[in-house]
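*Asks:* Below are the structure tokens for one structure; questions will follow.
The values are calculated or read from the model by the stated rules, or taken from the named source; none is laboratory data. Remember, predicted model here, so these are calculated numbers, not experimental data. Cβ atoms come from the backbone with ideal geometry, glycine included; neighbour counts cover every protein chain shown. Side chains are part of the model used for accessible areas, which takes the heavy atoms of the whole protein and leaves out ligands, DNA and RNA. Shrake-Rupley method; radii C 1.70, N 1.55, O 1.52, S 1.80 Å.
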Amino acid sequence: MCASERLEQIIEHVGDLPAVPETVSEVLLLTENSELDLSAVAHVIEKDPALSAKILRVSNSPYYGMRQYVGTLKLALVILGVREVRNIVLGISVFDALRSRRTESMLAGDLWKHSFEVAAFAKKLGDHLQLGLHGEEFITGLLHDIGKLVLMRQYEDEYAKIYSAAEGGNATLCTAEVERFGFSHAEAAAALAARWNFPQTLTDGLLLHHPNAAIALREARDPCLAAVVRIANLAARQRAADDAEAWALVSEKMPNMGEGERDALLAGFAEEIASASAPSL
Ligand SMILES: [Fe+2]
Ligand SMILES: [Fe+2]
């Protein structure tokens, strides 16, 4: 079975996924072609003042690492570019759509902060390697664990039990999820992204964020993006990131870096990220 067939199957099994908000489909449509119309994108987003405010909060957050304060949506579009603003819109909208009484405790726990940490790690690594990912690494990092919210939304108490029994152990959690539901939170995240017509690069990054993924990183639409997000997730949890498959891909972009330098690089990022606090949405 190929990856897209598997995703179709998961979409069917995962239960009722939230509908894609109109703003998201409009923004995706407008940014699909290479002839980007900046004012049209601004117009769509400005219809939702709460969304505009959140975009500014995220882009000005220390996690995003902007050197310049961005005060208005138009300025964000000029400074960050349409694709980066689009990616932030996607990230915020997913969390908005999955926010409910059922998922609140998970977000109030460490999932929200962890998501921003992974996003920041991914962005710092992407910037360092000069991958030119237009903020896609930040948003894939931010969204990598949304499958946990999807499962919580769908199975509430049952998932809460599995989640707490895993005690933060990702391999244990993924195994328990597959045993009980037939798919992991990584697959649930990718299913939602596919349902919302997100770029394939992003969907694959979500799908492959754990080392036990069924598909090799090289098969991702953007293997480097997927590798960066996987490393970021490991680095945010363990302050060290050992995944030979991911590092092999990243090393192609920085061939002269040894293991010691790698660890030092991540430790430097961790220090920069440690003092930041996640923006409220
Ligand atoms: Fe995960
Ligand atoms: Fe994670």
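*Asks:* About the Cα centre of the chain, what is the dipole size in debye to 20, counting +1 per Lys and Arg Cβ and -1 per Asp and Glu Cβ, all else neutral?
*Replies:* 620 debye
*Asks:* Could I ask something else about it? In percent, what relative contact order does region 2-113 have, based on Cα pairs under 8 Å that are 6 or more apart in sequence?
*Replies:* RCO, region 2-113: 24 percent.
*Asks:* Any idea what the relative contact order of the chain is, in percent, if you count C-alpha pairs under 8 Å spaced at least 6 apart?
*Replies:* After rounding, I find 20 percent.
*Asks:* Between Ser34 and Glu219, what is the FRET efficiency for a Förster distance of 30 Å, r being their Cβ-Cβ separation, to the nearest 0.05?
*Replies:* My answer for the efficiency is 0.70.
*Asks:* Spin-label point model (7 Å from Cα, Cβ direction): what's the Gln9 to Ala53 distance in nm?
*Replies:* The two pseudo-label positions are separated by 4.5 nm.
*Asks:* If one computes the Cα centroid of region 14-47 and of region 158-230, what distance in Å separates the two points?
*Replies:* So the separation of the two Cα centres works out to 24 Å.
*Asks:* Calculate for the chain the 222 nm mean residue ellipticity that helices alone would give, adding -39,500 (n - 2.57) per DSSP H run of length 4 or more and normalising by residue count, nearest 500 deg cm²/dmol.
*Replies:* Using -39500 (n - 2.57) per qualifying helix, the result is -20500 deg cm²/dmol.
*Asks:* Where does region 3-274 land on the Kirkwood hydrodynamic radius, alpha-carbon pairs, in angstrom?
*Replies:* Result for region 3-274, one decimal place: 18.8 Å.
*Asks:* Going by the alpha-carbon gyration tensor, a ≥ b ≥ c the square roots of its eigenvalues, is region 1-145 rounded (a/c under 1.5) or, if a/c is not under 1.5, prolate (a/b greater than b/c) versus oblate?
*Replies:* Since a/c stays below 1.5, the shape of region 1-145 is classed as rounded.
*Asks:* What is the packing order of peptides 72-83, 189-200, 124-135, 251-262, taking the mean over residues of other C-beta atoms within 10 Å and listing the highest first?
*Replies:* Top to bottom by mean Cβ count within 10 Å: 189-200, 124-135, 72-83, 251-262.
*Asks:* To continue, here is another question. For the chain, which whole percent of the accessible surface, found with a 1.4 angstrom probe, sits on carbon and sulfur atoms?
*Replies:* Roughly 49 percent, rounded to a whole number.
*Asks:* Hey, another quick one. How much accessible area per residue does the chain have, in Å², with a 1.4 Å probe?
*Replies:* 44 Å²
*Asks:* With the cut-off at 1.5 for a/c, could you classify region 204-281 from its C-alpha gyration tensor as rounded, prolate or oblate?
*Replies:* Oblate, since a/c reaches 1.5 and b/c is not below a/b.
*Asks:* Further, regarding this structure: Distance in nm between label sites at Asn197 and Lys74, each 7 Å beyond Cα in the beta-carbon direction?
*Replies:* Distance between label points: 2.9 nm.
*Asks:* Can you give the Rg to Rh ratio of region 88-243, both from alpha-carbon atoms, with Rh computed by the Kirkwood formula?
*Replies:* 0.93
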